[in-house]
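Taken together, the values in this text are just the output of simple stated rules run on the coordinates, not laboratory data. Note that the structure is a prediction, hence the values are computed from the model and not measured. We place every Cβ from the backbone using ideal geometry, glycine too, and count neighbours over all the protein chains shown.
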Ligand code: NAD
């Protein structure tokens, strides 16, 4: 590994292909190609392909930087986080442009909502860490205090969807809690993490506090999470990778948290505002369905099925597939050629299984990575298309005749990330909210997030909770300090 000043340009934005370790850019001997899903023939750049040696360098840097960072006050650490937030805000347009090219999320939504949330993540955690008060109490003639001790280097591994926002969401609490960080973004959308590294440098973080490495999961992610110096492992991605990382973290008894896939139900009762429910259901095709929280299983009360379906189809037909940079577009292409093939294979297997494709079910244009918004009526609740996450614009439609049946269907997969319920009955909203097995249940709404609320999944959708104090707790070793009363002056 050698220090590097290499840069390449994408639409006027200068990007480093290299890792950011101990406050400097370092190259790898080999690279990987990064293409744009908006135009699959377009290579955006070649990024450094890290390996075990890179992982070792990043862990050494984070380990060495840890004691000084951990002993800074929350206020002092918060100043760095606030500076970073300001720098992100100043570059929202550029980051949105690059992320749009790199993973095809709609540029307007990136600009208005998703990238600014990255800055909010740092601000929120800088402030939350200060506001979090240690618990103190007296008992058995002792004064008791709960101290929140920084834990050590945190390894953070993130997926390719909404990569900037998701990475900042996970790095901010680690840094605010006093841990040093090594972030490994996904290899399918690595560019905005490299811009983040430039901003970390500009914000003046001490070397080694916040490191970013690039590469393929098995080659650099695996050695990072298997290393005993990683005192926290925080992962977002698929359940399959989650299992591998959990095993590696377990070898070192490193606390591990995982936000994994979903197959969330969107339940529509006959007493609901059917138009609002149908509109939101058609909205699950946004971002080409590449949203972990998406309500991909539409569960509709039989008596309103036809009314719901008419409205749903009308809203779905209004979707515009196209270039994610255009403000008219509502459905973007999928992230990668391999992912397009994976999504299509799910639909073809469903057809073979006898599930009925009601709309869509095809690649939209041979030369692109778009997939038609697809609705499938399964032959049974056991169909693969109902039970497994597709992570594309593919929804299923099932009906129910009672609240009990709706809940049984809602809870009938191995996942448990989120649930949506449309009803006008307050008592039903409570009952269903309690009964649906999920980390988050939204009633008559979707995707509204309070950053202080816990976030995560049950079942194979995840382990542990992030968000608010929950993430600060995860990134800390809680210590009880007990001092015998009147024994010290
Ligand atoms: P993935 O599991 O394939 O990869 C995620 C990350 O893990 C990547 O950075 C990858 O390089 C890395 N990785 C792969 N193998 C590794 C290994 N052996 N050791 C260490 N790291 C390794 O997931 P993906 O395809 O990038 O993302 C899609 C998945 O993420 C979907 O299942 C989606 O639902 C889920 N997701 C969940 C949430 C949530 O908050 N629950 C949010 C976004 C995405």
Which whole-angstrom value gives the distance between the alpha carbon centres of segment 320-345 and segment 271-296?
17 Å
Relative contact order for segment 265-443, counting Cα pairs under 8 Å that sit 6 or more residues apart, in percent:
27 percent
Round to the nearest 10 and give me the degree value, 0 to 90, for the angle of helix 337-353's Cα axis relative to the longest principal axis of the chain.
40 degrees
I need to check one value: relative contact order of the chain, counting alpha carbon pairs closer than 8 Å and at least 6 residues apart, in percent.
17 percent
Potential extension, residue 380-residue 240 segment - 0.36 nm per residue separation minus Cα distance:
47.9 nm
Each label sits 7 Å from Cα toward the beta-carbon; between residue 30 and residue 140 the label points are separated, in nm, by 5.7 nm
So for the pair residue 401, residue 276, with labels modelled 7 Å out along Cα→Cβ, what separation do we get in nm?
2.9 nm
Where the centroid of each part is defined by its Cα atoms, how far is segment 106-148 from segment 152-192 in Å?
16 Å
What angle do you read, to the nearest 10 degrees and between 0 and 90, between the alpha-carbon axis of helix 239-251 and the longest principal axis of the chain?
30 degrees
Full extension between residue 338 and residue 247 adds, at 0.36 nm per residue less the Cα distance, a length in nm of 30.1 nm
For residue 365 and residue 75 in one chain, what is 0.36 nm times their gap in residues minus the Cα-Cα distance, to one decimal in nm?
99.1 nm
Between residue 477 and residue 434, what is the label-point separation in nm under the 7 Å Cα-to-beta-carbon projection?
4.0 nm
Tell me what the chain gives for mean residue ellipticity at 222 nm when only DSSP H runs of n ≥ 4 count, each as -39,500 (n - 2.57), the sum divided by the residue total, rounded to 500 deg cm²/dmol.
-11500 deg cm²/dmol
So for R0 = 35 Å, FRET eff. of residue 132-residue 486 from the Cβ-Cβ r, to 0.05, ends up at 0.75
Within segment 191-211, find all residues whose amide N lies under 18 Å from a label point positioned 7 Å from the Cα of residue 9 along Cα-to-beta-carbon.
195
Centroid-to-centroid separation of segment 7-73 and segment 387-418 [C-alpha atoms, Å]:
39 Å
Calculate how steeply helix 52-71 sits against the longest principal axis of the alpha-carbon atoms of the chain, using the helix alpha-carbon long axis, and give the answer as 0 to 90 degrees to the nearest 10.
60 degrees
